[in-house]
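Written out below as structure tokens is the structure these notes cover.
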Amino acid sequence: MDIPFKPYWDLLAGYVKPERRRFALLSVLLLGKIGLQLTHPQIMRTFIDVATQSAPLAAERGETSSVSFRSGLLYLFVAIVLQAVTVAVAYGGKDLGWRTTNALRADLARHCLRLDMSFHNARTPGEMIDRIDGDVNALSNFFSQFVVQVLGNVILLVGVLVLLFEADWRAGLAMALFSTITLAIIGRLQGFGSSLWEEQRQARADLFGFLEERLAGTEDIRSCGATAYVMRRFYGLLRVAHRRLIR
């Protein structure tokens, strides 16, 4: 299913707007994380350069040792801060994702309650539960990871390319070409992957719809001696859902 980017962005912006303060804080933490990720290798480069320098005089060797020691301490400090910021970004992203999708769940449930009976007769309660909660839960990854993973990695990629061009334009050019080809391939595969996930979500909805109805009719199933039949159908739906998930 090929859906343009704009509807996703409008959906994200509409539900994130009430949480703009948390979104702003998450953005600041994300930029800080990216800055630390770019700074960390530079400190290591300085440490290695200083450690490999030749110093014939004892005084110069003492100065080199001091610089190496300070670079090592700075490297460890930045590593600890980077881990702390990474945890904060992950927590903030999940918190923002759950807050926004809770509002989306309420709007979706309200919309479904307003539909006529023909819609509800065509769908089992278990399927409705999985659609409202399960599909929205999958969307929570979009809300929480879009900024952290997609936008964050784009900014990180730009920063890495800038540093590579600064160090050696040939290395920067090679990485830029590699990144362009990789993004083009990922874009081509997007439609294929989306259709597979759509099939997997449908199989999961069918499975939960079957479970809800059979659990509600447990007494009737046992009294009719249809336990083996129900279990065989359950295993069949479970097999289909598992195979689609593997795909």
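Taking the stretch 10-45 as the range and being charged (D, E, K, R) and either open to solvent by less than 70 Å² (accessible area, probe 1.4 Å) or in contact with a Leu (Cβ under 6 Å, 6 or more places away or on another chain) (or both) as the test, the residues that pass are E19, R22, K33. From the list G217, G209, which one is more than 31 Å from the chain's Cα centre (by Cα), open to solvent by less than 30 Å² (accessible area, probe 1.4 Å) and small (G, A, S)? Every option except G217 fails the conditions.
Residues in the stretch 48-64 that are assigned to a helix (DSSP H, G or I), at pLDDT 55 or above and exposed (fewer than 13 other Cβ atoms within 10 Å of the Cβ): I48, D49.
With respect to A138, is the statement that it is within 30 Å of R99 (Cβ to Cβ) and either in a helix (DSSP H, G or I) or of a type in the set (V, I, T) (or both) true? Against the criterion (within 30 Å of R99 (Cβ to Cβ) and either in a helix (DSSP H, G or I) or of a type in the set (V, I, T) (or both)), A138 qualifies. Of a type in the set (S, T, Y) and under 29 Å from the mean Cα position of the chain (by Cα), is that true of S223? Against the criterion (of a type in the set (S, T, Y) and under 29 Å from the mean Cα position of the chain (by Cα)), S223 does not qualify. Open to solvent by 40 Å² or more (accessible area, probe 1.4 Å) and in contact (Cβ under 8 Å) with a residue 40 or more places away in the chain, is that true of L108? In short, no.
Inside the stretch 171-196, residues that are open to solvent by 90 Å² or more (accessible area, probe 1.4 Å) and at pLDDT below 90 make up a count of 7.
Out of all the residues in the stretch 73-84, is one or more open to solvent by 40 Å² or more (accessible area, probe 1.4 Å), at pLDDT below 85, among the β-branched types (V, I, T) and more than 30 Å from L207 (Cα to Cα)? Looking for residues that are open to solvent by 40 Å² or more (accessible area, probe 1.4 Å), at pLDDT below 85, among the β-branched types (V, I, T) and more than 30 Å from L207 (Cα to Cα), one finds none in the stretch 73-84, hence no. Taken as a whole, the condition of being surrounded by 12 or more Cβ atoms within 10 Å (Cβ to Cβ), of a type in the set (A, V, I, L, M, F, W, C) and assigned to a helix (DSSP H, G or I) applies to L157.
The values are calculated or read from the model by the stated rules, or taken from the named source; none is laboratory data. No experiment lies behind these values; they were computed from the predicted model shown. Cβ coordinates were reconstructed from backbone atoms using ideal geometry, including for glycine residues, and neighbour counts include every protein chain displayed. Only protein heavy atoms, including side chains, enter the accessible area calculation; ligands, DNA and RNA are left aside. Shrake-Rupley method; radii C 1.70, N 1.55, O 1.52, S 1.80 Å.
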